[in-house]
1. Restricting attention to segment 91-103, report how many residues are of a type outside the set (G, A, S), open to solvent by less than 40 Å² (accessible area, probe 1.4 Å) and either within 17 Å of F47 (Cα to Cα) or in a helix (DSSP H, G or I) (or both).
2. Every residue in segment 427-451 that is surrounded by 20 or more Cβ atoms within 10 Å (Cβ to Cβ) and among the polar types (S, T, N, Q), please.
3. Among the residues of segment 615-639, how many are closer than 20 Å to I400 by Cα and either in contact with a Pro (Cβ under 8 Å, 6 or more places away or on another chain) or in a loop (DSSP other than H, G, I, E, B) (or both)?
4. Return the residues of segment 239-286 that are assigned to a loop (DSSP other than H, G, I, E, B) and among the hydroxyl-bearing types (S, T, Y); say none if nothing qualifies.
5. Looking at segment 42-60, I want the residues that are modelled with pLDDT of 95 or more and have a partner that is part of a helix (DSSP H, G or I) and within 16 Å of the ligand (Cβ to nearest atom) with Cβ atoms under 6 Å, at least 6 apart or on another chain. Which pairs are those?
6. Could you list, in sequence order, the residues of segment 104-140 that are open to solvent by 80 Å² or more (accessible area, probe 1.4 Å) and in contact with a strand residue (DSSP E or B) (Cβ under 9 Å, 6 or more places away or on another chain)?
7. Scan L528, L612 and give me the residue that is at pLDDT 95 or above, closer than 23 Å to L472 by Cα and either in contact with a Gly (Cβ under 6 Å, 6 or more places away or on another chain) or assigned to a loop (DSSP other than H, G, I, E, B) (or both).
8. Out of curiosity, is L649 over 24 Å from A399 (Cα atoms), open to solvent by less than 10 Å² (accessible area, probe 1.4 Å) and free of Cβ contacts under 8 Å to residues at least 60 places away in the same chain?
Amino acid sequence: MKTYNDTRLLHGGDYNPEQWLAHPEILKKDFELMDKAHVNTVTVGIFSWSTLEPEEGVYHFEWLDKVFEAMHKRNGRVILATPSGGRPQWLSEKYPEVNRTNILGQKHHHGFRHNHCYTSPIYRKKVQQINRQLAERYGNHPALLMWHISNEYSGECYCDFCAEKWRDWVKDKYQTLDAVNDAWWMTFWSNSYSSWSQVVPPSPLGEHKVHGMDLDWKRFVTDQTIDFFLNEIEPIREITPNLPVTTNFMAEGHDQQDFIPLEGLDYSRFAEVIDIVSWDSYPDWHNPYEPLHLTAMKSAYIHDQYRSLKKQPFLVMESTPSYVNWHAYNKAKKPGMHILSGMQQLAHGSDSTLYFQWRQSLGNSEKFHGAVVGHDNSEKNRVFQEVATYGKRLDTLAAIKGTPKEAKVAILFDWESNWALKRGGGFGRPTRRYIQTLQENYRFFWERDIAVDILTPNQDFSDYALVIAPMLYLMQEDTMKELSEYVKKGGILIGSYFTGMVNENDQLHLGEWPQTLQTIFGLLPQELETLYPGEHNQILYQGKSYQTKDYCGIVQETTGKVIATYSQDFYVNTPALVENRLGQGTAYYLAARTDLDFLEVFYQPMIEKLALQQEIVKDTQPKVSIQSRTDGQHNYYFLMNFSEERQQLELLQPLLDLETNQTLTGLLTFAPYEVKILKKEN
Ligand code: GAL
């Protein structure tokens, strides 16, 4: 594993001096203000290609040299980006093939950014050339900390180069047309291929895509994006073999009131080829549709998922010190919120708080996006002052850098299942909500301050006390075997409606559910019904009734024991929750979707039996989140008040306040948004 050479928590962010080269006084002031803001790191070059190479083969590096020197002088570091996210106009004009083609076959003009073809040989060559120049010039500079490759890779291209690559990919995977026709069930609607030339990218007709093909297309898009990335880093690996590379991952969903990991790319595959995971975190704080702590829960979920990709500390590469510009409504962070949200990043395993952006631009798309330095060009405003206070606090927390998090609970998330589940046809189209359902399960643990890793089925989950895998729709044989081994050796596994319904081609199983799954869960699923919004059934569990919603499955128990039954409609008395002992462990199958009230009574005895409860406070509270990191010798606890009210928690043991060095005991009081970081010797 490649790491970077700095013992500090990184504080700083996207810096765009190229926008200010005609204003030397601004550039001078930037560095003075960085000192005042306790900034130790800048990310440069992300969108600088047209300044670095204004004409083909003509390079201008002097301005960037100055940034490196200025940062080095103040013991600061540079994260150097490769500029492929935004190419120069001359490149699009001279080589139109580099512009992306959309699903309707329309070629884009130059446009804004993030719209290049991933396959174009010219683009790949040009990107390598500029990356080589950067690596040769700055590769040995002592201020260079790591590489930031491109920016937020995403999207797809349908040009002839991509279509040809796609055909090769399909040939490589299936070898024969019969195998393709079979895997994608192509006799359906007369789609069978009779020649390889007919294998073209999916058609634009929205939901009416061939299911197996669309699933493979999404796999291909991830592969092709990674392939583009690998092409980008060739000169970088050659010239700077010891420097780590990262690329900034994303989340999505804000204006739909969701905040979830990016769905389009399988980041678990991407994580294998980068050294450090980083992501751009923009929660919708202070929104009108949920209490603050639920926004915090969703943000925590994504931090945990991205941390779990490598089970190592990660970086927050971008976040805003105040507001963004691209939500429908762009709310400022209230006083104190910035520090709280930054500390939450660290609490979940980040070794940085980096911002988009250091300085607000005067024009164009992001002129109203929050920044450390605003249009007032001064440190005398609330946002700058909060950033500076936060930066100063980070200086006292350096011991936390590099420390991992430990979790005994794992939630399994699978990008491929998500792709397959989202496709049209059947069930409740708006209610599948796989990730949101996982977040609902996560919420139970988060509100009780129990750490959770969010893994893919390909990661090793054998050592966890509890593995939660609802709606794991697409299942490979290997995953079934590993789940079975896990339970036999003493694990506790949760499955549900949709679990293991289809194989890796999104095809159902003829006859019965796979034998391995039957043995794990001790039942046979028989029907899965969609409920309309507002429709419910009820399940009886330990003498109480709980409402179901969205999905109700009918199952027939075999070796399993029925521990909850439906009480309404034609479901009456059939199993809603089945418990099955297998080897040393137990598997549960929840046949219906429920609200959190049911999950609470279901999970509570489990966490008690497994002794997973939080160990430092008497009673946990949903609005005060506790997360910890540990270096083995010490545990560092972040206690964070995600509410606008004063809160109290009672410590079970004296702990040291890492920032004030005072020992705290008994009842702790938290002001709104307050964070305390406590340390325990092990
Ligand atoms: C990110 C992007 C940045 C900036 C930021 C604004 O997605 O990487 O370049 O646009 O959003 O929030």
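1. Going through segment 91-103 one residue at a time, the tally reaches 3.
2. Matches in segment 427-451: Q439, N441.
3. Of the residues in segment 615-639, 7 are closer than 20 Å to I400 by Cα and either in contact with a Pro (Cβ under 8 Å, 6 or more places away or on another chain) or in a loop (DSSP other than H, G, I, E, B) (or both).
4. T240, T247, S281, Y282
5. So the pair list comes out as S48/E18; T51/E18.
6. Within segment 104-140, K107, H109 meet the criteria.
7. Sole residue among the options that is at pLDDT 95 or above, closer than 23 Å to L472 by Cα and either in contact with a Gly (Cβ under 6 Å, 6 or more places away or on another chain) or assigned to a loop (DSSP other than H, G, I, E, B) (or both): L528.
8. Yes.
The values are calculated or read from the model by the stated rules, or taken from the named source; none is laboratory data. Treat the numbers as computed from the prediction; the structure is a model and nothing was measured. Because the Cβ atoms are built from the backbone with ideal geometry, glycine has one as well, and the counts that use them run over all protein chains shown. Just so you know, the surface numbers come from the protein's heavy atoms only, side chains and all, with ligands and any DNA or RNA stripped out. Shrake-Rupley method; radii C 1.70, N 1.55, O 1.52, S 1.80 Å.
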